[in-house]
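In what follows, a single structure is set out as structure tokens and then discussed.
The values are calculated or read from the model by the stated rules, or taken from the named source; none is laboratory data. Computed from a predicted model, the values in this text were never measured in an experiment. Cβ: placed from backbone, ideal geometry, glycine included. Neighbour counts: every protein chain shown. Side chains are part of the model used for accessible areas, which takes the heavy atoms of the whole protein and leaves out ligands, DNA and RNA. Shrake-Rupley method; radii C 1.70, N 1.55, O 1.52, S 1.80 Å.
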Amino acid sequence: EFEIKKADVTVTAENNSKIYGDTDPELKVTVTGEKLSKIEYTVARDKGDDVGHYDITVTLTGNTSNYNIKQTQGDFEIKKAKATVTAENNSKIYGDKDPDFVVKVEGERKDSPITYTVARTEGENVGKYPITVTVTSDTQNYDLTVTNAEFEIKKADVTVTAENNSK
């Protein structure tokens, strides 16, 4: 009697990653020990779009009867996106109304806007006052850098003219 034994095969989901907000890269599988018939499979990762780790699994769909199959799942990591929120320095002349504050946001992802408030330390005398940005949105998916600024109240020009007079 002649016996054909099952071949040992390893099916491994390769680890992969992306930056939060980017499109998923193609998931890959490594098959070692495959002989005459190709093993059929699908590969997918657990659902989720937030920063964290998700399982990558391979589902066998055909041509498996001639193999002893060892499967290994992979790890899919979503990494934080880098973002910055930067207040710009500003100023006014003593006695004038405060101008609008300018804040620049970079690296923000369309599905996860970065919201913030901006204010300066109170005071109306000539001098320098901090401008502070406070992020009000959930930023768990961002590696966020916030840069505050400075607001300066400058001296107003005053002209004092003595009038001619007589008696």
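Observations, loosely collected:
- Put simply, the amide H of Val102, placed in the peptide plane, has neighbours under 5 Å in Glu88, leaving out anything fewer than 5 places away on its chain.
- Within the straight-line cut-off of under 27 Å between alpha carbons, the lysines reachable from Lys6 are Lys28, Lys35, Lys38, Lys70, sequence neighbours fewer than 8 places apart in one chain being disregarded.
- Phi angles of segment 47-55 translate, via the Karplus equation with coefficients 6.51, -1.76, 1.60 and θ = phi - 60°, into HN-Hα couplings of 5, x, 10, 7, 4, x, 10, 9, 6 Hz per residue; Gly and Pro are given as x.
- Å² of accessible area per residue within segment 31-80, as computed with a 1.4 Å probe and no ligands counted: 65
- For the peptides 87-93, 22-28, the ranking by mean Cβ contacts within 10 Å, running from highest to lowest, is 87-93, 22-28.
- Annotation: peptides 63-76, 154-167, 38-51, ranked by per-residue average of other Cβ atoms within 10 Å with the highest first, follow the order 63-76, 38-51, 154-167.
- Scalar couplings 3J(HN,Hα) for segment 144-156, obtained by applying the Karplus form with A = 6.51, B = -1.76, C = 1.60 to θ = phi - 60°, are 9, 10, 10, 10, 7, 9, 10, 10, 10, 9, 9, 5, 7 Hz; x denotes Gly and Pro.
- Gaussian network model of the chain, springs between alpha carbon atoms under 10 Å - residue of Thr30, Thr132, Thr145 with greatest fluctuation: Thr30
- Taken over the Cα atoms of the chain, the convex hull encloses 115 Å³ per residue.
- Accessible area in the full protein assembly, largest first, 1.4 Å probe, for Lys97, Lys128: Lys97, Lys128
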